[in-house]
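To start, the structure under review is shown below, and the notes come after it.
Derivation of every value follows stated rules applied to the coordinates shown; laboratory data play no part. Keep in mind it's a predicted model, so treat the numbers as computed, not measured. Cβ: placed from backbone, ideal geometry, glycine included. Neighbour counts: every protein chain shown.
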Amino acid sequence: MEKRDSSFKKENGFSGEVKYYEEKCLYVTNYKGFLSIVELCLMVGISRSGYYKWMKNSHKERKAEKDKTLLNKMLSIYNTHAGTLGNERMKNELEKAGIKVSVKRIARMRRDYHMPLKTSHNWKQKSKPHAIIGNLLNRNFKAKRPGIKLCIDITYLEVERPYRHFLYLCAIKDLCHGEVVAYSISDTMTTSMVLQAVDQLLEKGLMEKNAILHSDQGSQFTSARYLNYLYQNSITPSMSRRGNCWDNACIESFFGKLKVEMPCFIIPKTDEEMIKAVENYISYYNNVRPQLKSKKTPKELLLEMAS
């Protein structure tokens, strides 16, 4: 074997001593088609286990280099959306940037480079008043054009300072393109705050005559003041069945996302911070955040319809 090794060294210009360990490993890799790995390792003076360990680490380095471009883009998207995008929506955003990648690889990289999905707890509506208006929407959440089907609801937002209390957010969402088209915030959950949001909608001219405005059976929506106001402005009320949140799932879904994702950008402590945070999140939701199904923002969908 020594005679064979000596002959092989002369033919391939091997001086007998390779200065660096990596060069020795590269030598074994380059010539393993001519001699066995055992023979080559003996020739350059390294152990076979050491060579295999180097191969494993080298593969990791190559993989890391390959991931570098993708990683930089993923980190940019991750930070833009404050860690709230799931793997499927991350894939959609990468495809927009011209990067084709599988969900499996995205999941691996998020795990390897610590990009967890940020989540929080959702709250549930507890009030279950009696229904007085029919469910005209009947879970048909699709609309052919803007301003003909909208949903409205109220949720509460916890504020810590100067003492623990709640603010209330009333929001209206257009079911055609998914944009939050009007909202109001108050420290009391009253019919007045609901009408303030409806007023915004009317002032913007975002509702057609006899458009459907769907709500749950909260006392603010069953009040005579609210219903009379809708009728006076040619708005058709519709209400979920008693205790059935799925009948108003679209607006409930928005509130859920707001409570999960908004704290990833900022955790508001005061009333002023909360009001500003809600304003910023609604702008983000309408103009930046892509919807999973359409892969587009509500504003992009609206512009498409207008063109």
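Here are the numbers:
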| quantity | calculated |
| --- | --- |
| Angle in degrees between helix 21-31 and the longest Cα principal axis of the chain, rounded to the nearest 10 | 80 degrees |
| Counting DSSP beta bridges with both ends in the chain, the antiparallel % (nearest 5) | 65 percent |
| Förster radius 41 Å - calculated FRET efficiency between ASN233 and THR270, Cβ distance, rounded to 0.05 | 0.75 |
| Nearest 10 degrees, 0 to 90: helix 103-112 Cα axis against the chain principal axis | 70 degrees |
| Translational diffusion coefficient (Stokes-Einstein; Kirkwood radius from C-alpha pairs) of the range 256-307 at 4 °C, 1.567 mPa s, in µm²/s | 108 µm²/s |
| Normalised contact order of the chain, rounded percent, pairs of Cα under 8 Å and 6 or more residues apart | 16 percent |
| Structure-based [θ]222 nm, the chain - -39500 (n - 2.57) summed over DSSP H runs of at least 4, per residue, nearest 500 | -15500 deg cm²/dmol |
| Bins of 20 Å from zero: percent of alpha-carbon pairs in the chain | 26, 38, 16, 14, 5, 0 |
| In order through the range 225-234: 3J(HN,Hα) via Karplus (6.51 cos²θ - 1.76 cosθ + 1.60), integer Hz, x for Gly, Pro | 4, 5, 5, 4, 5, 4, 4, 5, 9, 6 |
| From phi via Karplus (6.51, -1.76, 1.60), per-residue ³J(HN,Hα) for the range 143-153 in Hz, x at Gly/Pro | 9, 6, 8, x, x, 10, 9, 9, 10, 9, 6 |
| Mean Cα-pair separation over length for the range 149-306, i.e. relative contact order, pairs under 8 Å, 6 or more apart, % | 22 percent |
| Members of LYS144/LYS299; LYS96/LYS293; LYS173/LYS276; LYS53/LYS73; LYS53/LYS104; LYS269/LYS293 lying beyond 24 Å, as alpha-carbon distances in this model show | LYS53/LYS73; LYS53/LYS104; LYS269/LYS293 |
| Amide hydrogen neighbours beyond the local backbone of LYS32, cut-off 5 Å, H modeled | none |
| For the range 84-90, Karplus couplings with θ = phi - 60° (6.51, -1.76, 1.60), whole Hz, Gly/Pro x | 8, 7, x, 5, 5, 6, 4 |
| Which of ILE172, ILE212, ILE267 has the fewest Cβ neighbours within 10 Å, and the rest in rising order | ILE267, ILE212, ILE172 |
| Ranking of PHE141, PHE166, PHE255 by count of other Cβ atoms within 10 Å, fewest first | PHE166, PHE141, PHE255 |
| Segment HIS114-LYS100, length gained on full extension (0.36 nm per residue, minus Cα span) | 2.9 nm |
| Taking N as its residue count, the alpha carbon Rg of the range 149-306 over 2.2 N^0.38 Å | 1.03 |
| Given charges at beta-carbon only (K, R positive; D, E negative), |dipole| of the range 183-295 in Debye | 420 debye |
| Where only alpha carbons of the range 162-249 are counted, the Rg and the Dmax (Å) | 13.3, 44 |
| Ranked list, fewest to most other Cβ atoms within 10 Å of each Cβ, for ASP216, ASP247 | ASP247, ASP216 |
| Cα-based helix-to-principal-axis angle, 191-204 vs the chain, degrees rounded to 10 | 80 degrees |
